[in-house]
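Each remark here refers to the structure printed beneath this line.
The values are calculated or read from the model by the stated rules, or taken from the named source; none is laboratory data. Just so you know, these numbers come straight off a predicted model, no measurement behind them. Cβ placement follows ideal geometry from the backbone for every residue including glycine, while neighbour counts extend to all protein chains displayed.
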Amino acid sequence: MLQERNVTNAGEKIGLSQSATSHALSRSRQVFNDPLLVWSKKGSCDHDPLHIWLRELIAFQTQHL
């Protein structure tokens, strides 16, 4: 979801429906006791510097590997 920034697109990429992906995110939030991703009108947005760093790392790896 960090790459796609959209629940539907992220789910399709891994073979899950939007609903299943949303439920998986909800379970992950409970397990880690962390909001993980905060949603805005433009899609997901990162809620702290670590998530911003992870998104940038993923983008770098995608471009250079």
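Quick rundown of the values:
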read-out: Filtered residue count, segment 4-18, keeping only those that are modelled with pLDDT of 90 or more and surrounded by fewer than 17 Cβ atoms within 10 Å (Cβ to Cβ); value: 9
read-out: Residues (at pLDDT 80 or above and surrounded by 11 or more Cβ atoms within 10 Å (Cβ to Cβ)) located in segment 27-60; value: Ser28, Arg29, Glu56, Leu57, Ile58, Ala59
read-out: Residue list for segment 10-19, restricted to those being under 20 Å from Phe60 (Cα atoms) and more than 10 Å from the chain's Cα centre (by Cα); value: Lys13
